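Only the coordinates and a few stated rules stand behind these numbers; no lab work does. Every value quoted in this text rests on a predicted model; they were computed, and no experiment measured them. Don't worry about glycine lacking a Cβ; one is built from the backbone with ideal geometry, like all the others, and counts go over all protein chains shown.
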């Protein structure tokens, strides 16, 4: 199966010598789309593999378009740009050359022009592969390898970011900490492989129970965190109860009959005792342990903390 043909957007005036350019560029897997200079260039540039400006007469309409396509910082254009211009018009294009575009001066050799196009396309393909690899590495660095949800480190980063955003824009922010009940018994009875399967099922159920804008993370062991941006306490309680019921309906384990329950602690901002991301986490953790102490398979809220001790009796 042949590779997809490369599409070149050729920007040129109507009276330019199109035949010579066509002979140089059309052989091979290339498709040429010709348009005159104008606002349509910016829209079409995102749909093609390379933009070629054919500017033999130094037209003033070309340079602003080239400038808009090139980035303002280093890194090269998102879509490769090549300019064909006459040598006596070299000076206006030198800055374009410094900013990452390729410039070929007319009269040009057709084979050289074709080779430069191929080089730009190859370089762009390598950049896309590299960007894909970097993106995959970033995803892996923020993902828990067992469950596929976010890991502890990524959760801590998002918690700080979301708390700062909530403070700045006076938005609500809620946090649910969840711990599976008696999970050690699952590992002891069925083995760690079965326990891992339970964790994966729980993570999938959590993902189903929240919005795309929410964050599900494995906090550690059999403990998970659900961060709910722009969610008041009442909304967080609705999510927590939905999650608790969803988990109670799961049938997991080797025989598909193992039941799962969880204890959940909920905390939210704004609250007079929650002034930092660490306090949001601490209050949710305290609520979680209270749910454990009160019998498990339940939801507990953080209670208001006393900021100052009550005044004692005054000395007479």
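Results, tabulated for the structure shown:
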| quantity | calculated |
| --- | --- |
| Choice from 19, 45, 204 with maximal GNM fluctuation in the chain (Cα, 10 Å cutoff) | 19 |
| 0 to 90° range, to nearest 10: angle between helix 233-249 axis and the chain longest Cα axis | 80 degrees |
| Inter-centroid distance (Cα atoms) of segment 165-189 relative to segment 222-285, Å | 4 Å |
| Angle in degrees between helix 110-141 and the longest Cα principal axis of the chain, rounded to the nearest 10 | 0 degrees |
| Most mobile listed residue (178, 44, 120) in the chain, GNM with C-alpha springs under 10 Å | 44 |
| Length released on extending from residue 213 to residue 23, taking residue separation times 0.36 nm less the Cα-Cα span | 63.2 nm |
| For the chain, built as a Gaussian network whose Cα springs stay under 10 Å, the top-fluctuating residue of 210, 274, 96 | 96 |
| Acute angle (nearest 10 degrees) that the helix 277-293 long axis makes with the longest principal axis of the chain, alpha-carbon atoms | 40 degrees |
| Computed E for residue 188/residue 294 - FRET, C-beta separation, R0 25 angstrom, nearest 0.05 | 0.55 |
| 30, 153 arranged by Cβ crowding within 10 Å, fewest neighbours leading | 153, 30 |
